[in-house]
1. Against the definition (more than 22 Å from Leu8 (Cα to Cα), among the β-branched types (Val, Ile, Thr) and buried (at least 17 other Cβ atoms within 10 Å of the Cβ)), how does Thr72 come out, yes or no?
2. Counting only residues that are among the β-branched types (Val, Ile, Thr) and at pLDDT 90 or above, which one in segment 112-134 is surrounded by the fewest Cβ atoms within 10 Å (Cβ to Cβ)?
3. Inside segment 31-53, can you point out the residues that are buried (at least 17 other Cβ atoms within 10 Å of the Cβ), at pLDDT 85 or above and either aliphatic (A, V, I, L, M) or farther than 21 Å from Thr105 by Cβ (or both)?
4. Keeping to segment 148-159, report how many residues are out of contact with any His (no Cβ under 6 Å at 6 or more places or on another chain) and either crowded, with 20+ Cβ neighbours inside 10 Å or not in a loop (DSSP other than H, G, I, E, B) (or both).
5. Within the set of pairs 6+ apart or on separate chains, which have a first residue in segment 46-73 that is outside any strand (DSSP E or B), a second that is buried (at least 16 other Cβ atoms within 10 Å of the Cβ) and among the hydroxyl-bearing types (Ser, Thr, Tyr), and C-beta atoms under 7 Å apart?
6. Looking for whichever is within 16 Å of Lys53 (Cβ to Cβ), touching a residue at least 12 places away in the same chain (Cβ under 8 Å) and polar (S, T, N, Q) here; the options are Thr196, Thr152, Thr124, Thr174. Which one fits?
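The values are calculated or read from the model by the stated rules, or taken from the named source; none is laboratory data. Everything quoted here is computed from the prediction, not taken from an experiment. Positions of Cβ are generated from backbone atoms using ideal geometry, with glycine treated the same way; all protein chains shown enter the neighbour counts.
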Amino acid sequence: MIEVLDNLFDDKFKDEIENLTKDNRFPYYLSDMGIGTVDKEYSPEKGEFKQIKDYLQFVHQIYIYDKKKKLTIKNSTMNLFADKIFDKVQQFSKMEDIEKYNIHTCKINFQTQHKNSNKDNHNTPHVDNNINHYAMLYYVNDSDGDTFFFDTHSREVIKRVSPKKGRVVIFDGTHLHTGNHPINNFFRIVFNFNLTKEF
């Protein structure tokens, strides 16, 4: 199930998040997991997909999972917004047992414009984690750069979700997915959550 939720948040909340995360003083760091991709451990071979076009991605880590201590650690005061987003989703989502889930990890992805691309290109398809989890995205700004979902076997695109300010998409985290850098907009900002019952 891929669930898309619109109109959960008022304009004041959406504007505050957007203004904070696009401010030139807001700290982002170049992704250390490759140019716009996750660790290869969670990614199929790139040769299986013909439309891959990776580019720069910057991240701001909000919640980090410490594997040694087996706990989630707050890394940013943006957790206040992440928590509010998740609380609202728990109230309205139809995902099974969503009320039993917690935030495992959360980060903000900042993708820059990439004009040498097209609307059918996408980043490397992947899953975020190798544990049972829900993945959830909150789109900070109106932008092009769809999120793509793929059939596990055929590798064909089965759904696309366009970024819309305040929109949430939540899905089984084992579902192969990826984003796409904006072509027409200067940037695409997305909160990326991994949610799990395994704490």
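1. Working: more than 22 Å from Leu8 (Cα to Cα): yes; among the β-branched types (Val, Ile, Thr): yes; buried (at least 17 other Cβ atoms within 10 Å of the Cβ): yes.
When the stated conditions are applied, Thr72 passes them.
2. Quick first cut of segment 112-134, residues among the β-branched types (Val, Ile, Thr) only: 112, 124, 127, 131.
Filter once more, so that each one left must be at pLDDT 90 or above: 112, 124, 127.
On the way: Thr112: 15, Thr124: 21, Val127: 22.
Out of the qualifying residues, it is Thr112.
3. Once the filter is applied, which keeps residues that are buried (at least 17 other Cβ atoms within 10 Å of the Cβ), at pLDDT 85 or above and either aliphatic (A, V, I, L, M) or farther than 21 Å from Thr105 by Cβ (or both), segment 31-53 yields only Phe49.
4. 4
5. That search, which allows pairs on different chains as well, returns Lys46/Thr124; Lys53/Ser117; Asp54/Thr37; Asp54/Thr124.
6. Values: Thr196 fails: within 16 Å of Lys53 (Cβ to Cβ); Thr152 fails: within 16 Å of Lys53 (Cβ to Cβ); Thr174 fails: within 16 Å of Lys53 (Cβ to Cβ).
None of the other options fit; the residue is Thr124.
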